[in-house]
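No lab work stands behind these numbers, since they all come straight from the coordinates. Remember, predicted model here, so these are calculated numbers, not experimental data.
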Amino acid sequence: MWYIFPQIQGLGSTETSSFYAIKDLKEAQEFLTHPTLGNRLIHISEELLRLESNDAHQIFGSPDDLKLKSSMTLFSSAHGADPVFNLVLKKFFNASRDGKTLKIIDPE
């Protein structure tokens with residue numbers, strides 16, 4: 001899950017979570033503008049919108065459903081982000097964003 005839908009650094013405590021974590025919003029923007037990484041993230045996020053189910057827990061199980069929410073929160077917060085990230089949040093989480101991610105990217 002981490003390498004498909006990266007999250008902000010500070011949410012996970014495993015070696016894998018640390019390896020794939022995004023440092024900050026600047027790095028998230030760089031990820032999105034990378035010709036391969038950004039396009040792949042947008043594409044896989046668009047595929048989620050094509051699913052009939054809107055139950056992230058049913059699709060991913062726990063805690064991966066929460067990881068999806070935090071990833072979409074992170075990338076939807078990046079300047080000039082593709083609207084797909086907000087659409088995924090709307091479909092699977094009633095447009096609710098991940099509070100922990102928001103506190104890390106904007107601690108004030």
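General observations
- Here log10 I(q)/I(0) by the Debye sum over Cα atoms at q = 0.12, 0.20 Å⁻¹ was calculated from the structure, and among (i) -0.39, -1.23; (ii) -0.72, -1.12; (iii) -0.35, -1.04 it sits at label (iii).
- Segment Glu46..Asp24, full-extension length gain: 5.6 nm, with 0.36 nm per residue of separation and the alpha-carbon distance subtracted.
- Annotation: amide H-H contacts under 5 Å for Ile22 (H modelled 1.01 Å from N, sequence separation of 5 or more, or interchain): Gln7, Ile8, Gln9.
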